[in-house]
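Worksheet: the structure to be examined is printed underneath.
Read-outs throughout are calculated quantities, based only on the coordinates presented, and are distinct from any laboratory measurement. Quick caveat: nothing in here was measured; it's all calculated off a predicted structure. When we count neighbours, we look across all protein chains shown, and the Cβ atoms used for this are built from the backbone with ideal geometry, even at glycine.
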Amino acid sequence: MEKKNLKILLIEDDEDDAFYIKDILNEGLSDSPPHIDHFSSIEKDLKEINPFFYDLALFDYRLGKVNGIELVRNFREQNCSIPIILFTGQGDQEVAVEAMKAGATDYLTKGKLSIESVTKSIQYVLGLHKEATLRIQAEEELKKSHTNLTKAHKELQASIIKLETAQKQIIRTEKLAGIGRLVAGVCHEILNPLNIISGHTQSLLMERNSDTPLKTDLFSIMEEINRITKIITGLLTFSRKGNMELKETNIVNELEATLVLVEKDMRLGGVEINREFKSTPIMVMIDTDGIRQVFLNIINNAKHAIKDGGILTVSTEISNSESDLQPRPSGETADSNPKKFLRIKFTDTGAGIEKNDLEKIFEPFFTTKPEGKGTGLGLSISYSIIERHGGNLEIESSVGVGTSVIISFPLKT
């Protein structure tokens with residue numbers, strides 16, 4: 001037995017029996033004399049008893065109006081798990097069984113009490129209690145471990161998703177860079193003969209001004225030349241890497257100016273613009289022409305996506321880098337002064353983008369618009385521009401719900 005001064009609660013209404021039981025306890029536990037609190041009139045003292053103060057409880061069965069079994073139930077209903085030994089009369093087996101069902105740990109026949117029987121019972125119930133406590137602790141540790149494992153699994157899954165996203169971004173960037181180098185050379189080669197064709201066509205228009213059928217054909221040729229020029233100009237813009245003029249600019253003004261520019265045309269198409277940003281200045285190092293081009297590309301895409309009227313919501317928020325852009329390497333702690341990023345979000349109520357198309361959305365010449373309605377360069381160019389600003393461009397979409405385009409810019413701290 002543990003060498004511990006036990007705190008024992010004895011509830012016995014017979015003073016002689018109580019004296020005898022206390023004598024047995026003091027004799028049997030003489031190595032570590034117990035602290036014994038004796039109550040006889042339990043009906044009056046029950047509310048004063050704190051069952052959690054004690055290591056062990058001894059109840060007589062016959063206590064007047066409240067019997068020992070009811071007392072056991074009362075303790076257990078309070079979630080008190082201390083060992084309880086019930087004293088029964090001679091041959092009260094049914095009482096003993098009922099007591100065990102109610103939550104008693106052991107029972108002893110009152111007429112056969114001895115130092116040996118009582119100390120053995122105490123050793124037995126304290127051993128059971130210790131085992132139960134250890135089992136509960138082990139279960140709690142197991143639950144805690146399971147919770148931690150579940151959390152770690154979720155964090156791992158999130159890290160894997162972030163890593164896959166980062167890898168896709170790297171592949172996309174390298175792919176766009178490679179295409180950019182290729183198209184820069186090709187575009188210059190195309191522009192030279194195209195300029196010659198354009199010059200000859202314009203000369204013919206002036207020389208054969210009276211030839212109406214020929215003029216119609218020549219105008220058609222010039223339209224196609226202008227279309228090719230527009231594509232080539234877009235490709236050159238996409239391929240350029242070092243011609244940005246960054247300056248500290250209030251990007252809210254640039255955003256508002258772009259919205260004012262397109263708002264009338266959007267309304268004619270049944271699209272309402274919902275502004276969810278304040279006029280408070282937000283200073284960002286940007287190339288204003290490039291950023292306006294990005295804004296216009298995104299707004300134009302939203303207009304085409306909304307078929308029968310809808311809403312384009314534009315919002316801004318400032319948040320920390322750890323939740324927006326690249327994930328932190330494993331084991332790296334968060335910066336005490338995390339870098340701030342501005343997020344500009346364009347959300348439309350259009351048709352949405354299919355999942356398969358979403359994976360190819362930034363590829364040059366990929367478009368979901370009808371033939372002749374787009375070159376498929378808008379988002380590729382926009383991605384390239386935002387990347388050169390040290391930012392990020394993300395797209396979230398659900399078919400039948402709409403699309404959100406999120407631009408993230410680093411802010412000066």
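Three principal axis extents describe the C-alpha atoms of the stretch 7-113; from largest down they are 33, 31, 23 Å.
Under the criterion of Cα pairs below 8 Å and six or more residues apart, the relative contact order for the stretch 76-165 equals 24 percent.
In the stretch 52-93, taking the dipole from charged Cβ atoms about the Cα centre, the farthest positive-side position among F53, G68, F87 is held by G68.
If a spin label sat at a point 7 angstrom from the Cα of K130 along the line to its beta carbon, the backbone N atoms of the stretch 74-105 nearer than 17 Å would be those of 82-84. Bridging of K412 to aspartates and glutamates at a Cα separation below 19 Å is possible for E245, E248, E254, D287, E317, E322, D324, D335, E387, once same-chain residues fewer than 8 apart are set aside.
Measuring between alpha carbons in the structure, the pairs from K22/K110; K65/K120; K278/K307 lying more than 19 angstrom apart are K65/K120; K278/K307. Residues of the stretch 49-70 falling in the label zone of H35, defined by backbone nitrogen less than 18 Å from a point 7 Å along Cα to beta-carbon, are 49-58.
Entry for the stretch 91-145 at q = 0.13, 0.16, 0.24 Å⁻¹: log10 I(q)/I(0) = -0.47, -0.63, -0.97, Debye formula applied to identical alpha-carbon scatterers, no solvent contribution. Could you give the dipole magnitude of the stretch 7-113 about its Cα centre, charging the beta-carbon of Lys and Arg +1 and that of Asp and Glu -1, in debye to the nearest 20? Around 360 debye, computed over the stretch 7-113.
In straight-distance terms, cross-link reach from K230 covers every one of the aspartates and glutamates whose alpha-carbon lies under 16 Å from its own, apart from those fewer than eight places away in the same chain; here that gives E189, E371. Kirkwood radius, the stretch 255-297, all distinct C-alpha pairs, inverse of mean reciprocal distance: 11.8 Å.
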